[in-house]
1. What dipole magnitude, in Debye to the nearest 20, does the chain give about its Cα centre under +1 on Lys/Arg Cβ and -1 on Asp/Glu Cβ?
2. Going toward the positive end of the dipole of segment 19-138, with +1 on Lys and Arg Cβ and -1 on Asp and Glu Cβ, which of 39, 19, 112 do you reach last?
3. Taking the highest mean first, how do the peptides 201-212, 267-278 order by number of other beta carbon atoms within 10 angstrom per residue?
4. Please list, ordered by chain and number, the residues whose modelled amide H lies under 5 Å from the amide H of residue 250; skip anything fewer than 5 residues away on the same chain.
5. What residue among 306, 93, 188 has its Cα farthest toward the positive end of the dipole of the chain, where the charges are +1 on Lys, Arg and -1 on Asp, Glu, each on the Cβ?
6. Given a Förster radius of 51 Å and the C-beta distance between residue 56 and residue 283 as r, what FRET efficiency does 1/(1 + (r/R0)^6) yield to the nearest 0.05?
7. With r defined as the distance between the Cβ atoms of residue 129 and residue 32 and R0 fixed at 45 Å, what FRET efficiency is calculated, to the nearest 0.05?
8. Against the longest principal axis of the chain, how steep is helix 47-57, in degrees 0 to 90 to the nearest 10, with axes from Cα atoms?
Amino acid sequence: MPIDLKQKIYVAGHRGMVGSAIVRALKEKGYQNIVTRTHAELDLTNQAAVQAFFEKEKPDQVYLAAAKVGGIHSNNTYPAEFIYDNLMVQNNVIHQAFVSGVKKLLFLGSSCIYPKYATQPMSEDALLTGKLEPTNEPYAIAKIAGIKMCESYNRQYGKSHGIDYRSVMPTNLYGPGDNYHPENSHVIPALIRRFHEAKVSAVPEVVIWGTGTPRREFLYVDDMATASVFVMDLDKATYDQHTEPMQSQINVGFGDDVTIAELAKAVGVAVGYEGKISFDPTKPDGAPRKWMDSSRLNQLGWQPMVSLDDGLDMAYRDFVAING
Ligand SMILES: NC(=O)c1ccc[n+]([C@@H]2O[C@H](COP(=O)([O-])OP(=O)(O)OC[C@H]3O[C@@H](n4cnc5c(N)ncnc54)[C@H](OP(=O)(O)O)[C@@H]3O)[C@@H](O)[C@H]2O)c1
């Protein structure tokens, strides 16, 4: 069936890094009827406000990219907010979407839903097979609940109401619109800020925590957005063929990973920092490797387009545009 580009699509979290990239990807594909609300206009933890919004707008599709997101420091400092806000946002949005007749919804989760000691690369069937990383367990539990909300609504109402709610689990993302906060950011924006500041102040050496040997995977956010639209627009028979009713999430990764030392070098090049990069092995490393198995999505026909070096160049240009 041809895709109806006039459908009304609500992108929740459209000012965030991923939400703004999803809006770009939808417009690029030709979708014209996109509905958005800022956090100030609509607090998604407020059930009555979310209900009123859905009653008024009655969208056809929903991309749920609004969430409370942060690095290790903020996950550790605000665990109550991470579990409460995320559960409330997704419960309100998924349930009110259902009540107002939304047929298609895409929930964005995260690779941290998989157990701390999951076999690498982490495939979808690793879900709920072991203990989570304690630092972001509250956030991960909320994300797992989001997947299970989508699956449970599909199982109970899929046939009777024709709903089709899907989930995608991105690896670490970076790109325009990232959070460059000195304490609450993820590794790439944190390194961009540190190298930029070191370059501007002509600091001769930047010391990075840990040994530099752990391996991590990174995906440019516009690739994540095209993957999201790709999964949402897959016909139901194909999606059903590649997923299970109670194991329906789809991993979205780059397919390759790098060591933190390689990443630091690449960020240094993108920023133009010419000083020394060294490592402090007395500081903790975290898991030795975190790498997604994205073969399910690749078999469906999606591949990333942006290399790490090109993505870092674009991310740094965005950082400079915002921070001068
Ligand atoms: N960034 C990554 O590396 C990464 C990796 C894997 C998965 N993801 C997932 O991708 C999704 C989007 O992440 P992101 O990186 O784009 O995060 P982000 O840049 O922080 O964007 C999240 C957006 O959600 C909004 N929001 C949060 N709480 C809200 C509330 N109560 N009511 C209304 N709006 C609210 C935020 O608005 P305010 O800023 O005004 O609060 C922000 O615009 C999340 O589900 C996240 O788990 C991200």
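1. Here the chain has a charge dipole of around 520 debye.
2. 19
3. Answer by packing, highest mean first, reads 267-278, 201-212.
4. Excluding prolines and chain starts, which carry no amide H, the hits are 167, 168, 169.
5. 93
6. Numbers: r = 51 Å, r/R0 = 0.99.
Computed FRET efficiency for residue 56 and residue 283: 0.50.
7. Computed FRET efficiency for residue 129 and residue 32: 0.60.
8. Relative to the chain, helix 47-57 is tipped by roughly 70 degrees.
The values are calculated or read from the model by the stated rules, or taken from the named source; none is laboratory data. Being a predicted model, the structure only gives us computed values, none of them experimental. Positions of Cβ are generated from backbone atoms using ideal geometry, with glycine treated the same way; all protein chains shown enter the neighbour counts. Surface accessibility is based on the protein's heavy atoms, side chains included, excluding ligands, DNA and RNA. Shrake-Rupley method; radii C 1.70, N 1.55, O 1.52, S 1.80 Å.
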